[in-house]
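This report concerns only the one structure given below.
The values are calculated or read from the model by the stated rules, or taken from the named source; none is laboratory data. Keep in mind that what you see is a predicted model, and the values were worked out from it rather than measured. Note: ideal-geometry Cβ built from the backbone for every residue, glycine included; neighbour counts use all protein chains shown. Ligands, DNA and RNA are stripped out before the accessible areas are found, and what is left, the full protein with its side chains, is counted by its heavy atoms. Shrake-Rupley method; radii C 1.70, N 1.55, O 1.52, S 1.80 Å.
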Amino acid sequence: MALRRRDWLKTVVTAGFGALGTQVFDRVHAQTPSNVKSDQPLALKDYEPKSMLHVPETHVPRSRFPNIDFHTHLSWVDRKGQRDVVNHLATPAEILKVMDAKNVRVMVNLTGGYGPLLEETIRHWQQPHRDRFIVFTEPWYAKIKLANYSRFQAEQLEAAKKAGARGLKILKTLGLYLRENVTTGPLVKIDDKRFDEMWEAAGALDMPVAIHVSDPEAFFLPTDRFNERFEELSAHPDWSFHGKDYPTNAELQEARNRVMQRHPRTKFVALHTANSENLPYVSECLDRYPNMYVDIAARIGELGRQPRMSRKFFDKYQDRILFATDATPHGVETPQQIFGNELYEIYYRFLETEDEYFDYAPASIPPQGRWRIYGIGLPEQILKKVYYENAARLLGL
Ligand SMILES: [Zn+2]
């Protein structure tokens, strides 16, 4: 009778070890998880393969140079009943502790709100710690029906600057959510003329515009077996912009480009590396628009899976790339953004080491797609610029 494969393996492995070898073998294999049965396929969500590579693992507890985290969300504007209110996600003390441990000199809280809410955000974060926290303002979209909205929004920006805001944040709301009647009607385009005065004012007031346009390309495709972000989109079906009246990723990118072209005195930071799956396209944009910068927030998963292309990109645009994480305190929904020591250490490892094939987020399953990343080992002179100098110049520090 032929030996079953398992019995045969057992014979080979235990040969020469006698009874002890047999015991060890049986103990190890008795731990085989119960869900591995030939009649029950392993669910994708339960699959957590561990890499068997023997490669260097570098722990980078602090960035080699002090850094500015250009993209964080320490507060949000929330809707409570009929009122908009500021929701602070942490206390400054809680955040400062991690900042000091991880060498984060300054944090930019992009979602600072507008009007009286902005003033409240500044009082909570910026006023008590002027050298550590910077707050940006956001457009007051609910006022878009005002006849003189264009002027109103430009004046709001002036008032925000007086109140202490250092820049303007545009969420992907513009292009993907904001509609003519705020929540109903046709989508308002990114290059809608009603925002022209605001873009101009940002330039005149020397307030950089941090602009999030579009989303990963996979979010615009069907959530099917070919979609590389299938699990992420399955967990968050509302993140899909496939179908309905949504524009394409390319249309959104081009609308932003027209805005940058029309307002050459205004500096735009295209967040999330603008279109991180397509660095040749981002390079073209950077070549075409000298007023364009990018940050790397929540995109080391993308940059780190194309390490050779990324390394060249950092080399060429070393004066226009900003360190940023998209950190959100207690943000359980998005593991790649949860503020804390671990998040910063992964970013530092990506930028500073040449480690291979490691997780881009503190999570047991890679949350943005099932792949791992490679460090790009930037030289000190580029690290200094990306960590600190580029952002300091934009923010006038
Ligand atoms: Zn963000």
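Just a few scattered comments:
- Coil-residue GluC sites (Glu not before Pro) of segment 316-397, DSSP, other Cβ within 10 Å capped at 16: E333, E354, E356
- C-alpha center-to-center spacing [segment 166-203, segment 130-161] in angstrom: 11 Å
- Against the chain, whose longest principal axis is taken from its Cα atoms, helix 18-30 shows a tilt of about 30°.
- Probing with 1.4 Å while keeping every protein chain in the model, the per residue accessible area of segment 240-351 equals 37 Å².
- Here segment 161-208 has 56 percent of its accessible surface on carbon and sulfur atoms, given a 1.4 Å probe and all protein chains in place.
- Between helix 249-262 and the chain: long-axis angle, C-alpha atoms, 0 to 90°, nearest 10: 40 degrees
- Loop-resident sites, segment 127-211, for GluC sites (Glu not before Pro), counting at most 13 other Cβ within 10 Å (DSSP): E180
- Positive dipole terminus of the chain, leading residue within P247, Q368, G164 (C-beta point charges): G164
- Assigned charges on the beta-carbon of Lys, Arg, Asp, Glu; the chain dipole about Cα centre (debye): 200 debye
- √(5λ) per eigenvalue of the Cα gyration tensor, segment 150-295, largest first, Å: 28, 18, 13
- Kirkwood radius, segment 212-319, all distinct C-alpha pairs, inverse of mean reciprocal distance: 14.8 Å.
- Beyond 26 Å, the tail of the calculated P(r) for segment 283-397 holds 18 percent of the Cα pairs.
- Translational diffusion of the chain, estimated by Stokes-Einstein from the Kirkwood radius over alpha carbon pairs at 4 °C in a medium of 1.567 mPa s, is 56 µm² per second.
- Carbon + sulfur, % of accessible area of segment 31-138 - ligands and nucleic acids excluded, 1.4 Å: 54 percent
- Computed over segment 58-135, relative contact order equals 34 percent, with contacts defined as Cα pairs under 8 Å that lie 6+ residues apart.
- Solvent-accessible surface of protein heavy atoms, probed at 1.4 angstrom with all chains present, puts W76, W125, W239 in the order W76, W239, W125, largest first.
- The residue among N278, G304, A210 whose Cα reaches farthest toward the positive pole of the charge dipole of the chain, with charges on the beta-carbon of Lys, Arg, Asp and Glu, is A210.
- Of L74, L279, L42, the residue with the greatest mean-square motion in the GNM of the chain, using alpha carbon springs below 10 Å, is L42.
- Selected from G304, G175, G369 as most flexible by GNM, with the chain as the system and alpha-carbon contacts under 10 Å: G369
- Carbon-plus-sulfur accessible fraction, segment 230-376 (probe radius 1.4 Å, protein heavy atoms only): 51%.
- Every helix of 4 or more DSSP H residues in the chain counts as -39500 (n - 2.57), and over all residues that averages to -9500 deg cm²/dmol at 222 nm.
- Between segment 330-347 and segment 225-292, the C-alpha centres lie 23 angstrom from each other.
- FRET E, pair R194, E380, Förster distance 45 Å, beta-carbon r, rounded to 0.05: 0.50
- Applying both filters, DSSP loop and at most 15 other Cβ atoms within 10 Å, to the GluC sites (Glu not before Pro) of segment 39-127 gives E57.
- Selected from V332, V188, V104 as most flexible by GNM, with the chain as the system and alpha-carbon contacts under 10 Å: V332
- Helix 307-316 axis, angle to the chain major axis (alpha carbon atoms, nearest 10°): 30 degrees
- DSSP-defined beta bridges in segment 28-158 - what % are antiparallel, rounded to 5: 50 percent
- For the chain, share of DSSP beta bridges that run antiparallel, in % to the nearest 5: 30 percent
- Summing +1 for each Lys or Arg and -1 for each Asp or Glu among the other residues whose beta-carbon sits under 11 angstrom from that of Q261 gives +2.
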